[in-house]
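Take a look at the structure below.
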Amino acid sequence: MKIVFMGTPAFAVPSLQMLVEEGYEVVAVLTQPDRPQGRKKTLTPSPVKEAALALGLPVLQPERLRRPEAVAELAAYAPDLIVTAAYGQILPKSVLDLPQNGCVNVHGSLLPKYRGGAPIQRSIINGEKVTGVTLMYMAEGLDTGDMISRVEVPIEDGDTSGDLFEKLSLAGRDLLKAEMPRLAAGRVDAVAQEESEATYAPNLSREDERIDWNVSSRDIYNRIRGLVPFSGAFTLWNGETFKVWAAGNPSLAPTGNGGQAAPGTVLAVEAQGVEVKTGDGSLLLTTVQPAGKKAMSAADFSRGAAMKPGTVLG
C-alpha cells in the first residue's frame, strides 16, 4: 500500500516516524514551504521536512495544494492512503478523491469540539481539563469528516501548549498505529460528528495574545500557559510590549491595599514575582520579557527594573 504523508509542525513527526518504523511504504511527504524565521528571517524547513529527509523520503512543498500542477504531482505517486497531521492546508476534493482507502487526519482535539487550526492552544486558554486526539476521515469541510476513533488526554494544571503538543503528538501516533492495520485493509466504519456539539478553534490573532487584566486570575493564567512556547502572552508597559511567559498558581490574594487597585496595577516587584491586580485578585508573573530584551526570571527583572508598584499595565 502506497501512503502519502502530509504534515508540518513537530506534532506530526512521531506519526510519520511510526509509519516508516512499522514498515509501511511512505512514497512521499508533503509539508509547507520553508518559511523565514528569527530576526534574520532565515529560510527554515518544517520539522516534518527535516524528519522526512532524515528518513530518506521524497518531499513536496506546494505553496497551494489546490493548484492543478500540485494535484498532478501528488497523483503521480498513486497513493492508496493519505495520512495528514497538522498539514496546514485544506485538501481540495481533487486530492480527497485520489486514494481508494481515503484520506485520514490525526486531529488534536476530541471532535466535534475544537475544529480548526489552534485546538491545543485554545483548549488550555479555555480552561479545559480534558482534550485528546481524533482520527477521522477527511471531508471538504473544516474537520467535519467521520470519526474513526478517539483517545482522551488529561490537561494538567501546569501544562503549557508545548507540553500538550508533545503529549497529543504521541497519543496521535499511538492511535494511528493501532488503526493502521484496519486502514491498510480498506475503508473502515466511522461515526458522523454531531453538528450541534461542534465548536471552533481558529488560528490565534494578535488580540488573542493580549492580556485583559479585568478577567479572573485563572483566565489570565490559562491564557499565558496556552501561548507558551509560541508567541507568548503580552501586555503594555510604557506603550511597549511586555511579554509574560510564566505565572504562579492563580490563588494569590492582593497584598496590602491592592484589593482597591484597578485591574492591571502592579502591586509589587519582588524576586518571587511581579504581582499584578486582576479582575478577582492578583497574579504573580514569574517569567517576563520587556521590549528589546530576552525573557528573564522575576528575580532578575526585579534587580534592575524601572517598573514600580502603582504602574498600570494595559
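The values are calculated or read from the model by the stated rules, or taken from the named source; none is laboratory data. On a predicted model such as this, the values are computed, not experimentally measured, just so you know. Cβ atoms come from the backbone with ideal geometry, glycine included; neighbour counts cover every protein chain shown.
General observations
- Residue count for region 204-217, restricted to those that are over 18 Å from the mean Cα position of the chain (by Cα) and buried (at least 18 other Cβ atoms within 10 Å of the Cβ): 3.
- Restricting region 248-265 to residues that are farther than 9 Å from residue 282 by Cα and aliphatic (A, V, I, L, M) leaves a set whose member that is modelled with the lowest pLDDT is 261.
- Looking at 117, 102, just one residue is in contact with a strand residue (DSSP E or B) (Cβ under 6 Å, 6 or more places away or on another chain) and within 21 Å of residue 143 (Cβ to Cβ), and that residue is 102.
- The criterion of at least 3 residues that are in contact (Cβ under 8 Å) with a residue 60 or more places away in the chain and farther than 23 Å from residue 142 by Cα is met by the following helices (runs of 4 or more DSSP H) wholly inside region 4-89: 13-21.
- Test: residue in region 189-206 that is in contact (Cβ under 8 Å) with a residue 40 or more places away in the chain, part of a helix (DSSP H, G or I) and polar (S, T, N, Q): no
- Any hit, region 56-75, residues being on the phi < 0 side of the Ramachandran plot, surrounded by fewer than 17 Cβ atoms within 10 Å (Cβ to Cβ) and polar (S, T, N, Q): yes
- Condition check for residue 134: in a loop (DSSP other than H, G, I, E, B) and either among the β-branched types (Val, Ile, Thr) or surrounded by 18 or more Cβ atoms within 10 Å (Cβ to Cβ) (or both): no
- A single entry from 16, 111 fulfils the requirement of being modelled with pLDDT of 95 or more and over 17 Å from residue 173 (Cβ atoms): 111.
- Test: residue in region 278-295 that is in the same structural domain as residue 217 (by TED's automatic domain parsing), touching a Ser or Thr at 6+ places or on another chain (Cβ under 6 Å), surrounded by fewer than 18 Cβ atoms within 10 Å (Cβ to Cβ) and not in a loop (DSSP other than H, G, I, E, B): no
- All positions within region 19-34 that are of a type outside the set (Phe, Trp, Tyr) and under 17 Å from residue 175 (Cα atoms): 19, 20, 21, 22, 23
- Against the conditions (1) crowded, with 16+ Cβ neighbours inside 10 Å; (2) touching a residue at least 12 places away in the same chain (Cβ under 8 Å), residue 314 satisfies every one except (1).
- Of all residues in region 149-178, those that are farther than 17 Å from residue 13 by Cβ and surrounded by fewer than 16 Cβ atoms within 10 Å (Cβ to Cβ) total 7.
- Screening residue 269 on (1) closer than 14 Å to residue 245 by Cβ; (2) out of contact with any strand residue (DSSP E or B) (no Cβ under 6 Å at 6 or more places or on another chain) shows it passes everything except condition (1).
- Taking the criterion of being of a type in the set (A, V, I, L, M, F, W, C) and under 21 Å from residue 88 (Cα atoms), the residues of region 126-147 that qualify are 133, 135, 136, 138, 139, 142, 147.
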